[in-house]
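Reviewing the structure listed below.
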Amino acid sequence: MPTNRDLRTQLAAASNRLREVDSANLAEAVDRLLVPRGWVALRDSDPNGASGPNLAIMMDAADRYRIVDGADNDDTTVTEVVNDGFRKVIAGEYTPRKPSRAPYGSAKSKVNLNVTPVLSMRTRVEEVTGMLASHVAADYLMHKYKAGPYADDYAGDPLAPGPRRGLQVPIWVRDLIQARAKAAGRKVTDDANEGFQKYLAGEFAPEIPKWPNTSDTASLRMAPNADLYEQVLAAGEPRPLQVAVAYLLAKYDIDPGATK
């Protein structure tokens, strides 16, 4: 076994010998170890390499679930998938998209996905891309597991919100709509925009609800996109917010005739 002192000499000799026998690719692999900090590349190639500090990735709850479930089905960890993505980015085998910025007020609530990728790769990937490592990791994970903008059912970036508006509905209806939207990782405004789009495309025929006279009411607030709102308004009756509430009731399977 070579000592630390003669290891470099013997690796250089091995590189020369490999070239003599027409194994240039193997010689180049040895050469990578002889450059300053070449050992970092060797360490980072170890799938069981040391983990780095926590890296928090912000994303939608639905995307987080899809990614964690996908990694579990692949019998691996999300951290290892991130490490693999970083290797591919550094090697020029994958180019991440820069994250788009949602219009003000349209961003969905986010959750953390925590990973611990190799620190040296995390630093290097930021140098290579000019992006935050968390953004690179998020993009690669969503690309691999068909989440976020890579999902087959992705409806596009959120629409810019319009003025805040409200329609009086029974208090229990308002609370139930808000609770079910939150549980689905949605915003009432986004659902209203979705309903407007389907209504204008002839894919949704609203049934205007009639509330029991005994219902105590409150305003269901939303900020639908101004252009969509005006298009629904121009279409005549029913009124835009009536369309929105009818769609919300249908989407979340809420019976408007119930009393609670």
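Structure notes:
- Counted residues, region 143-153 - those being more than 13 Å from residue 82 (Cα to Cα) and part of a helix (DSSP H, G or I): 3
- Residue match in region 172-182 (condition: over 30 Å from the mean Cα position of the chain (by Cα), in a helix (DSSP H, G or I), of a type in the set (Gly, Ala, Ser) and at pLDDT below 95): no
- Unique match (being under 23 Å from residue 61 (Cα atoms), of a type outside the set (Phe, Trp, Tyr) and in a helix (DSSP H, G or I)) among 228, 248, 233: 248
- Selection count where residues are open to solvent by 20 Å² or more (accessible area, probe 1.4 Å) and aliphatic (A, V, I, L, M), scope region 216-227: 1
- For residue 156, the criteria (1) of a type outside the set (Val, Ile, Thr); (2) modelled with pLDDT of 95 or more; (3) part of a loop (DSSP other than H, G, I, E, B) hold in every case but one, which is (2).
- Across region 20-55, the qualifying residues are those that are small (Gly, Ala, Ser) and under 18 Å from residue 89 (Cβ atoms), and the one among them that is modelled with the lowest pLDDT is 49.
- Screening residue 250 on (1) open to solvent by 40 Å² or more (accessible area, probe 1.4 Å); (2) in contact with a strand residue (DSSP E or B) (Cβ under 9 Å, 6 or more places away or on another chain) shows it passes everything except condition (2).
- Evaluation of residue 174 against (1) crowded, with 20+ Cβ neighbours inside 10 Å; (2) among the charged types (D, E, K, R); (3) under 30 Å from residue 88 (Cβ atoms) (one fails), failing number: (3)
- Every residue from region 187-215 that is in a loop (DSSP other than H, G, I, E, B) and open to solvent by 60 Å² or more (accessible area, probe 1.4 Å): 187, 201, 202, 203, 205, 207, 208, 210, 211, 213, 214
- Cβ pairs under 9 Å, 6+ apart, first in region 38-63 and of a type in the set (Lys, Arg), second at pLDDT 85 or above and open to solvent by less than 40 Å² (accessible area, probe 1.4 Å): 43/118; 43/120
- Figure legend. Inter-residue proximity from region 76-98: first residues touching a residue at least 60 places away in the same chain (Cβ under 8 Å), second residues small (Gly, Ala, Ser), beta-carbon distance below 6 Å, spacing 6+ or different chains. Indicated pairs: 78/71; 81/71.
- Whichever residue in region 167-185 is out of contact with any strand residue (DSSP E or B) (no Cβ under 6 Å at 6 or more places or on another chain) and among the basic types (Lys, Arg) and, among such residues, is farthest from residue 248 (Cα to Cα): 182
- Residue match in region 127-142 (condition: open to solvent by 70 Å² or more (accessible area, probe 1.4 Å), in a helix (DSSP H, G or I) and without any contact (Cβ under 8 Å) to a residue 12 or more places away in the chain): yes
- Selection status of residue 9, modelled with pLDDT under 90 and either β-branched (Val, Ile, Thr) or touching a Pro at 6+ places or on another chain (Cβ under 6 Å) (or both): yes
The values are calculated or read from the model by the stated rules, or taken from the named source; none is laboratory data. Keep in mind that this is a model prediction, so the values were computed, not measured. Note that we place each Cβ from the backbone using ideal geometry, even for glycine, and neighbour counts take in every protein chain shown. Accessible surface is based on the protein model in full, side chains and every heavy atom, while ligands, DNA and RNA are left aside. Shrake-Rupley method; radii C 1.70, N 1.55, O 1.52, S 1.80 Å.
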